[in-house]
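Asks: Quick one: structure below, then a few questions.
Values in this text are rule-based calculations from the coordinates and carry no lab data. This is a predicted model, so every value here is computed, not measured. Quick reminder, even Gly has a Cβ in these numbers, built from the backbone with ideal geometry, and neighbours come from all protein chains shown.
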Amino acid sequence: MLQIKEAAEAAGISVRTLHHYDDIGLLVPSIRTESGYRLYNDDEMDRLQQILLLRDAGVPLATIKTMPALTTEEQVSMLAGHKERLRARQQQIEEMIRTIDRTIRHHKGEKTMNNPDKFKGFDFSTNPYEKEAQKRWGREKVNAVNRNVNQWSENEQERFNDIYRSLAEVRREDPGSDEVQQRIGHWYDLLQTIGEYPPEVFISLGRMYTEDERFTKNIDQFGDGLAVFMQEAMRIYGNARLSS
């Protein structure tokens, strides 16, 4: 058995991270002392290793939470898929390293580079958020939203951040409570100012917050677990509007 500090040190993560995993039901230690201290057994440390491997592969926490229900064969298949994506990422990094090496030799006068050679392994052509949104909702809708976003003032951008902070304050409460639903309603109303977000799209947007690690990381900077909380609150709010 490992105490929480020992488990965190063994995994190279913070105690706060383990607290968060416990709070959202991702990794709940089976034993707590009478004083309330968490204790982690070997099975739970194996689970922690799996979580961290998947996190490194870019798998959202909401997806990882479903894995205990998978069969061994399904878990192996999922891990194999992420392994292939890691290999693809590794190939891109290796190509970038080769490009850097060639660039160094170029600057030393040892090798001449043409323009295409200077950018091998680089892929910054598309905003990943925009690319994902285009895939889900179409280029025309995203372009229209982008035109509005590009015209935002600093005050308008701060309005979005204010709502993130407001929701972060209540993220430990029931997502279906009146207070939370009122605040998520403000989020819904604000989104209508930059594009058309009917309830079903609003619900899908919430799912993207937890299914895409890039969105999760951006939102969770306002509070650990905020993306998962918003996803559930948005689902409840959207379904209520659909049934009204």
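Asks: When the label point is put 7 Å from the Cα of residue 82 along its Cα-to-beta-carbon vector, which residues of the stretch 1-38 have a backbone N closer than 17 Å?
Replies: Within reach of a label on residue 82: 11-13, 18, 21-22, 25-28.
Asks: Picking from 12, 49, 25, whose Cα lies most toward the positive end of the charge dipole for the stretch 2-68 (charges on Cβ: Lys, Arg +1; Asp, Glu -1)?
Replies: With unit charges placed on the Cβ atoms, the residue in question is 25.
Asks: Work out, step by step, the length gained on full extension between residue 162 and residue 31: first 0.36 nm times the residue separation, then minus their alpha carbon distance; give nm to one decimal.
Replies: Numbers: separation 131, 0.36 × 131 = 47.16 nm, distance 3.88 nm.
Full extension of this stretch gives 43.3 nm more.
Asks: Mind giving me the nanometre distance, one decimal, between the label points for residue 105 and residue 241, set 7 Å out from Cα along Cα→Cβ?
Replies: Computed distance between label sites residue 105 and residue 241 equals 5.8 nm.
Asks: With charges only on Cβ, +1 for K and R and -1 for D and E, what is the dipole size of the stretch 2-68 about its Cα centre, in debye, rounded to 20?
Replies: 220
Asks: Pairs of Cα atoms under 8 Å, at least six residues apart: use those to get the relative contact order of the stretch 2-68, whole percent. Display every interim value, and only then the final one.
Replies: Working: 49 pairs, mean separation 20.2, N = 67.
Contact order relative to length: 30 percent.
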